[in-house]
Amino acid sequence: MTGLTIGIMGLALCALICGVGSGLGLRATGNASAGVMAEDPNKFSKIIVLALLPATQGIYGFVIAILGASYLPTVANLEAAGVTATAAQITSQGWNVFWACVPMMLGGGISAYLQGLTSASSIIAVGKKGEISSKTLIFPAMIEFYALLGLVVSIMMFNNVPVSAVGDIVIDAAQTVTAAVGF
């Protein structure tokens with residue numbers, strides 16, 4: 001498997017897992033919203049934000065997939081950085097891209113699902129007592145914070161592993177292993 005393939009898998013999984021988590025979260029909020037709307041259609045404006053909150057993680061996963069594409073170890077990216085890389089260096093860069101996706105991949109996918117469940121509970125509460133809609137927003141918003149942390153960490157990881165440093169990363173890793181083993 002090439003470094004490019006590994007990197008693309010990380011980007012694709014990030015978008016996919018965040019999208020699936022958002023879809024599951026939106027299913028929960030959609031079900032709750034439909035029930036509330038059947039009882040009182042005038043509560044639409046009070047529940048719409050709660051109903052849409054789990055969609056943000058799908059957007060974050062997509063952003064990471066697009067942003068991460070510029071860090072893939074492609075010939076064009078390496079030439080633009082002025083790097084002539086070996087196969088080992090290209091594979092290393094592919095793994096760097098993959099692992100940079102993981103915080104958003106897991107944080108976004110899991111938090112979207114959980115945020116959907118929390119938002120659904122908030123929607124049901126608003127259905128029973130409409131005047132608490134602004135207060136119930138805090139519960140799913142707290143879960144959003146963790147999705148944002150995943151987004152920020154993934155972006156920071158991309159920014160700390162530039163394509164131009166592919167050679168240095170592999171050389172540093174080899175020197176560290178050599179020193180640890182005692183060669």
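Read the figures in this text as sums done on the coordinates, not as results from a lab. Fair warning: this is a prediction, and the values are worked out from it, not measured in the lab. Don't worry about glycine lacking a Cβ; one is built from the backbone with ideal geometry, like all the others, and counts go over all protein chains shown.
Efficiency by 1/(1 + (r/R0)^6): what FRET value for residue 159 and residue 27, r their Cβ-Cβ distance, R0 = 41 Å, to the nearest 0.05?
Between residue 159 and residue 27 the formula returns 0.75.
Does anyone have the angle between helix 55-68 and the longest principal axis of the chain? Alpha-carbon axes, 0 to 90°, nearest 10?
Between helix and principal axis, roughly 10 degrees.
Run the dipole for the chain about the Cα centre, Lys and Arg Cβ at +1, Asp and Glu Cβ at -1, nothing else charged, and hand back the magnitude in debye, nearest 20.
Working: 6 positive and 7 negative charges, 131 e Å.
For this selection, approximately 640 debye.
Counting only C-alpha contacts under 8 Å and six or more residues apart, can you give the relative contact order of the chain as a whole percent?
Contact order relative to length: 34 percent.
How much net charge surrounds residue 43 when only the other residues with a Cβ under 14 Å from the Cβ of residue 43 are counted, with Lys and Arg +1 and Asp and Glu -1?
It works out to a net charge of 0.
I need the P(r) histogram for the range 26-125: all alpha carbon pairs, bin width 10 Å from 0 out to the longest distance, whole percents.
Pair shares across the bins are 15, 31, 20, 15, 12, 6, 1.
Based only on Cα atoms, what mean projected area does the convex hull of the range 1-43 have, in nm²?
3.4
Do any cysteines in the chain lack another Cys Cβ under 4.7 Å, and if so which?
So far as the 4.7 Å Cβ criterion goes, 18 stand without a partner in the chain.
Let me check I've understood the local charge: for residue 129, count other residues with C-beta under 13 angstrom from its C-beta, Lys and Arg +1, Asp and Glu -1. What total comes out? Mind showing how you got there, number by number?
Values: positive: 43, 46, 128, 135; negative: 39, 40, 131.
Cβ neighbours under 13 Å give a net charge of +1.
Considering only 102, 114, 16, whose Cα is most displaced toward the positive end of the charge dipole of the chain, charges sitting on Cβ of Lys, Arg (+1) and Asp, Glu (-1)?
Final value for the positive-end residue is 114.
In whole Å, largest first, what are the principal axis extents of the Cα atoms in the chain?
Largest first, the chain extends 71, 33, 23 Å along its Cα principal axes.
So how tilted is helix 138-159 from the main axis of the chain? Cα-based, degrees 0 to 90, rounded to 10.
Rounded to the nearest ten degrees, it is 10.
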